[in-house]
Amino acid sequence: MGRLFGTDGVRGVANADLTAELALGLSVAAAHVLAEVGTFEGHRPVAVVGRDPRASGEFLEAAVVAGLASAGVDVLRVGVLPTPAVAHLTGALGADLGVMLSASHNAMPDNGIKFFARGGHKLADELEDRIESVYEEHRTGDPWQRPTGSGVGRVKSYDQGLDQYVAHLIGVLPNRLDGLKIVLDEAHGAAARVSPEAFTRAGAEVITIGAQPDGLNINDGCGSTHLELLKTAVVEHKADFGVAHDGDADRCLAVDHTGAEVDGDQILAVLALAMREHGSLRHDTVVGTVMSNLGFKLAMEAQGLSLVQTAVGDRYVLESMKEHGFALGGEQSGHVIILDHATTGDGTLTGLLLAARVAETGRTLADLAGVMERLPQVLINVPDVDKSRVTTSAELTAAVADAERELGSTGRVLLRSSGTEPLVRVMVEAADIEQARSVAGRLADVVKSALG
């Protein structure tokens with residue numbers, strides 16, 4: 001069996017790859033690893049379980065709850081809430097583990113299971129490996145010791161979760177949002193109730209789109225992966241700006257009053273300067289990934305701030321932040337982590353803090369985001385190549401060196417191997433888009449020639 005856990009939990013087509021049986025079995029295994037059932041006599045482990053609105057989340061939630069309760073874990077069902085809300089409640093309620101059912105920005109047929117450890121923290125690779133190992137033991141080995149009678153877990157709804165999470169978000173804000181008109185695109189997802197409630201309580205005039213989830217329309221032509229509707233709505237309503245989330249609301253992208261996109265790098269730049277001004281940007285450092293726009297790095301350097309870059313994936317950003325004590329990090333895609341107030345990317349929190357900065361300064365989002373200039377990025381996927389030789393090919397190494405000399409200090413080259421396909425991604429940034437295209441095209445030809 002291949003590894004079940006990917007970069008963000010276990011995902012697949014619901015009821016095909018991700019079945020009720022798999023969800024139940026993984027939940028039992030997670031209970032043994034994360035809640036250590038059977039280890040502490042008299043201890044009643046507790047789990048928080050939430051989901052996004054996908055239709056498949058209904059039967060998968062039932063399977064997860066059944067698995068946890070059968071292992072002796074008491075379950076608090078918080079219903080449809082964002083991923084960061086489940087993480088927050090796991091910590092705030094002192095639960096032993098949390099479970100979120102979502103496939104984030106993926107299309108509706110997909111779903112996923114994401115586990116949180118005590119405190120609402122994402123799992124390290126070794127914990128995921130242990131869960132997989134226990135799952136496999138239960139599936140193929142001797143029957144596991146099942147509690148009976150009063151030892152089985154109890155299940156109840158926890159209806160206070162939304163208000164508790166929104167109160168947490170409001171408590172983080174440095175100032176109110178009175179006077180701002182903001183359009184929110186909820187992607188027909190998990191934040192359809194939470195985000196409008198939070199922005200309204202904070203004082204903003206709110207216009208919502210994509211906020212009528214029916215179980216089938218999540219991420220369908222809306223949200224952070226489809227900004228066209230938001231851009232149109234912001235301009236039509238003469239709003240100050242717009243905010244877009246994905247299906248589980250751990251992402252936030254924005255649109256300024258002109259309808260122009262403000263991506264994750266620009267949001268990080270705005271928040272970094274705000275946090276430095278407020279004395280909360282520890283070590284004057286922001287964490288990004290190798291895919292962060294070069295314009296972001298140059299802007300941070302111009303402002304006297306440092307940028308630490310990790311491998312692609314918010315989990316690697318988070319690991320670096322925890323290891324070195326940094327307060328702010330994220331990705332161009334809109335995963336933004338403010339570690340003093342969240343254990344994972346939180347799209348609603350990010351949008352609120354962005355709005356607070358606009359309200360505090362009286363400047364437009366377009367003006368604030370102008371602190372950095374996004375350099376054009378050209379990305380070419382080169383299929384059917386031996387990606388294992390991407391770092392050892394002398395021909396390719398020489399071509400990259402030549403390209404970097406040509407681009408100079410205002411451009412860069414990045415080659416990345418796909419994690420699942422025989423594919424190499426060639427990414428080139430340059431101040432001149434035509435130069436970026438030319439260099440990327442030539443490098444793609446070399447990749448095909450050297451690795452094909």
* Where does the charge balance sit around E58 when Lys and Arg score +1, Asp and Glu -1, over other residues with C-beta under 13 Å from its C-beta? -> 0
* Could you work out how far apart the two model spin labels at T397 and T258 are, taking each label as a point 7 Å from the Cα in the direction of the beta carbon, and quote it in nm? => 4.5 nm
* Give the Rg/Rh ratio for region 364-438, taking Rg as the radius of gyration of the Cα atoms and Rh as the Kirkwood radius, to two decimals. => 1.08
* Asked: Which value, in Å² rounded to 10, gives the accessible area of R146 with a 1.4 Å probe and all protein chains present?
  -> 140 Å²
* **Per residue accessible area in Å² of region 47-147, where ligands, DNA and RNA are left out and the probe is 1.4 Å** => 34 Å²
* To do: Distance between Cα centroids, region 276-305 to region 326-373: provide it in whole Å.
  => 12 Å
* Structure fact -> Length-normalised contact order of region 276-348, Cα under 8 Å, at least 6 apart, in percent, tallies to 30 percent
* Structure fact -> Checked region 338-391 against the a/c 1.5 cut and the a/b vs b/c comparison, axes a ≥ b ≥ c from its Cα gyration tensor; verdict oblate
* Structure fact -> Taking alpha-carbon centroids only, region 96-170 lies from region 223-256 a number of Å equal to 30 Å
* Asked: If each of L414 and I433 carries a label point 7 Å out from its Cα toward its Cβ, how far apart are those two points in nm?
  -> 2.0 nm
* Please state the relative contact order of the chain as a whole percent: Cα pairs under 8 Å, 6+ residues apart? -> 12 percent
* Structure fact -> Checked the chain with the C-alpha gyration tensor, a ≥ b ≥ c its square-rooted eigenvalues, rounded below a/c of 1.5, otherwise prolate if a/b is larger than b/c and oblate if not; verdict oblate
* To do: Could you work out the relative contact order of region 315-366, using alpha carbon pairs under 8 angstrom and six or more residues apart, expressed as a whole percent?
  => 20 percent
* Working with all protein chains in place, sort K238, K156, K448, K297 by solvent-accessible area computed with a 1.4 Å probe, largest first. => K238, K156, K448, K297
* Given the protein chains as shown and a 1.4 Å probe, how many square angstrom of Y158 are accessible, to the nearest 10? -> 40 Å²
* **For region 197-339: rounded, prolate or oblate by the Cα gyration tensor [a/c cutoff 1.5]** => prolate
* Label-point separation (nm) for H237 and S280, each offset 7 Å from Cα along Cα-to-Cβ? -> 2.6 nm
* Using a Förster distance of 35 angstrom, determine the FRET efficiency expected from the C-beta separation of S150 and E58, and round it to 0.05. => 0.75
* If R0 is 22 Å, what FRET efficiency do you get for D17 and D142 from their C-beta distance, rounded to 0.05? -> 0.20
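Give a quick list of chymotrypsin sites (Phe, Trp or Tyr not before Pro) in region 1-99 that DSSP marks as loop, anything other than H, G, I, E or B, with at most 10 other Cβ atoms within 10 Å.
Here the sparse-neighbourhood loop sites are F40.
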* With a 1.4 Å probe and every protein chain kept in, tell me what percent of the accessible surface of the chain is carbon plus sulfur. => 50 percent
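The values are calculated or read from the model by the stated rules, or taken from the named source; none is laboratory data. Since the model is a prediction, treat every value here as computed from it, not as a measurement. So basically every Cβ, Gly included, is an ideal-geometry build from the backbone, and we count neighbours across all protein chains shown. Ligands, DNA and RNA are excluded from the accessible area calculation, which covers all protein heavy atoms including side chains. Shrake-Rupley method; radii C 1.70, N 1.55, O 1.52, S 1.80 Å.
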